[in-house]
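Just below is one structure, and these are the notes that go with it.
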Amino acid sequence: MSWLNRGLSMDKEEKVLNYISRNENISQRELASHTGLSLGSINLIIKNMVKKGLVKIERINANTLRYILTPKGFFEKTMKTYKYVLNSVKHVLQIKRELEWIVEKYIGDGYSVYLYGDKDDIRAILKQLTREGDLKQLKWIDNVRRLFEGNAEEKGKVLIIVWQVEKAKELCNYNRKNNRHDIEVENLLDKIV
């Protein structure tokens, strides 16, 4: 399980609280659809939140319920969101420190250092981080073959930083197939706790 899933995912209760706070008239079926949880899980989570005093249920008619966040529910939602944001920032700062260490170690040793991965949230964070200071020295690639085909300047030591297991495997296969021993691969997220 990656640090992204382990540390930055909202818990089930938090997801339900967020949706209820946006729409008190949301049905359990709609909550299940929005959160990706089963209808049975939603039912248990709501019952648990009622017991904790986070949500009140108001019957509108025979088939319709309204879920109302209590002051305690609003406080709980706010605290969970606050912790989520703090945890997210902590991980972004860890990524930045790791990239700074890589720049210092590898670029200082004469490596050309590249970032390589699919367009996702991590890439967006890395793009932002590499616009600052020493991290501007990191280069981006979208295709490994193009980097080395006809590019005489990249005959020296190369480090390619990835954040997706599939990209690390792709690079290892490329090295093996092309008998390249001068390309090192680091998975950035392996180093983030």
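The values are calculated or read from the model by the stated rules, or taken from the named source; none is laboratory data. A quick note: this is a predicted structure, and the numbers were derived from the prediction, not measured. Ideal geometry is used to build each Cβ from the backbone, glycine not excepted, and the neighbour counts take in all protein chains shown. Side chains are part of the model used for accessible areas, which takes the heavy atoms of the whole protein and leaves out ligands, DNA and RNA. Shrake-Rupley method; radii C 1.70, N 1.55, O 1.52, S 1.80 Å.
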So what are the three principal axis dimensions of region 8-75 from its Cα atoms, in whole Å, longest to shortest? 38, 26, 20
Listed by chain and number, the aspartates and glutamates with an alpha carbon less than 16 angstrom from that of LYS77, same-chain partners under 8 positions apart left out, are ASP11, GLU13, GLU14, GLU24
Near LYS191, which lysines are there with a Cα under 24 Å away, not counting those fewer than 8 places off in the same chain? LYS83, LYS90, LYS96, LYS105, LYS119, LYS127, LYS136, LYS139, LYS157, LYS167, LYS169
Quantify, in whole percent, the carbon and sulfur part of the accessible surface of the chain (1.4 Å probe; protein heavy atoms only). 50 percent
Per-bin percent of Cα-Cα distances, region 76-136 [5 Å]: 4, 15, 22, 21, 15, 10, 6, 4, 2, 1, 0
Expressed per residue, the solvent accessible area of the chain in Å² (1.4 Å probe) is about 60 Å²
Could you state the angle between the C-alpha long axis of helix 12-22 and the longest principal axis of the C-alpha atoms of the chain, as a value from 0 to 90 degrees rounded to the nearest 10? 70 degrees
If you keep only loop residues by DSSP, which trypsin sites (Lys or Arg not before Pro) in region 83-191 have at most 14 other Cβ atoms within 10 Å of their Cβ? LYS119, ARG131, LYS157, ARG180
Rg to Rh for region 22-133: what is it, with Cα atoms only and Rh by Kirkwood? 1.23
Can you list, bin by bin at 10 Å, the percent of alpha carbon pairs in the chain, starting at 0? 8, 28, 22, 16, 15, 9, 3, 0
Relative contact order of the chain: what whole-number percent is it, with Cα pairs under 8 angstrom and at least 6 residues apart? 18 percent
Suppose only helical runs count, i.e. DSSP H with n ≥ 4. What mean residue ellipticity at 222 nm does that imply for the chain under -39500 (n - 2.57) per run, divided by all residues and rounded to the nearest 500 deg cm²/dmol? -16000 deg cm²/dmol
